[in-house]
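Worksheet for the structure shown next.
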Amino acid sequence: MDIINNIRNFIEHNVSTIIALCALFVTIYEAWSIRRHNKLSVKPHITTFTYRHRNSNKSPSGETISTGKIVIELLNNGLGPAVIQDFKVLFDNIDTGIKNIEDAETISTRVLKGKIVNHKAFEIFNKDYHFAAKEKKCILQIVFPILKTQSFEDFVTLISRLSLVINYKSLYGKKFKYDSRD
């Protein structure tokens, strides 16, 4: 019974201190919770989307002309911007060393050797590029004729050998990595 009386006396004499400590703990928890929520509300999430399209048209002479189109798009479907730190294009898991559009053109010519291409376009990201939330960029677009010597599947197989590795961070500095091989 002495222990209970001691506890009661302690509480009676220190009520204001106990209430103040409880308020302090609640305030600290709320601040931590709000900061966590704020970090989540600006979290980026990079992903790719690849689509392929075949198109057949009749020429004025009545001949069927088939073309193929392969597009790789990069999307930030997160809630906040992604600050790009490093952008690598790999071919057969080897870094191509692409740093600019001229490099991309040189590498693509080497990779597409012997292939007939009607159109190709690239997008390369530099360090500290702020990739906005819900932003979409066309990383690669290739339009090509489908001929007896080259099929749609040839290009699909060739493009499937490409990979992207992107290191990026949120506005709060949290680091993320996108690897299309995963």
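Which one of the conditions (1) surrounded by 14 or more Cβ atoms within 10 Å (Cβ to Cβ); (2) under 27 Å from residue 64 (Cα atoms) does residue 108 fail to meet, given that it meets all the rest?
Going through the list (1) surrounded by 14 or more Cβ atoms within 10 Å (Cβ to Cβ); (2) under 27 Å from residue 64 (Cα atoms), residue 108 breaks only (2).
Within the bounds of region 52-63, is there any residue that is on the phi < 0 side of the Ramachandran plot, in contact (Cβ under 8 Å) with a residue 24 or more places away in the chain and surrounded by 12 or more Cβ atoms within 10 Å (Cβ to Cβ)?
The answer is yes, given that some residue of region 52-63 is on the phi < 0 side of the Ramachandran plot, in contact (Cβ under 8 Å) with a residue 24 or more places away in the chain and surrounded by 12 or more Cβ atoms within 10 Å (Cβ to Cβ).
May I ask you to list pairs of residues, at least six apart or on different chains, whose Cβ atoms are under 7 Å apart, with the first in region 115-132 being free of Cβ contacts under 8 Å to residues at least 24 places away in the same chain and the second being exposed (fewer than 14 other Cβ atoms within 10 Å of the Cβ) and among the β-branched types (Val, Ile, Thr)?
122/101
Say whether the condition of being closer than 25 Å to residue 81 by Cβ, of a type in the set (D, E, K, R) and in contact with a strand residue (DSSP E or B) (Cβ under 9 Å, 6 or more places away or on another chain) is met by at least one residue in region 136-148.
yes
Does residue 127 count as under 24 Å from residue 154 (Cβ atoms) and open to solvent by 80 Å² or more (accessible area, probe 1.4 Å)?
no
Here are some conditions: (1) assigned to a loop (DSSP other than H, G, I, E, B); (2) surrounded by 15 or more Cβ atoms within 10 Å (Cβ to Cβ); (3) among the basic types (Lys, Arg). Residue 99 meets all but one. Which one does it not meet?
The failed condition is (2).
Among 159, 84, which is under 13 Å from residue 44 (Cβ atoms) and either open to solvent by less than 30 Å² (accessible area, probe 1.4 Å) or outside any loop (DSSP other than H, G, I, E, B) (or both)?
The conditions single out 84.
The values are calculated or read from the model by the stated rules, or taken from the named source; none is laboratory data. All values derive from a computational prediction rather than experimental measurement. Methodologically, a virtual Cβ is constructed for each residue, glycine included, from the backbone with ideal geometry; neighbour enumeration extends over all protein chains shown. Note: areas computed on protein heavy atoms with side chains; ligands, DNA, RNA excluded. Shrake-Rupley method; radii C 1.70, N 1.55, O 1.52, S 1.80 Å.
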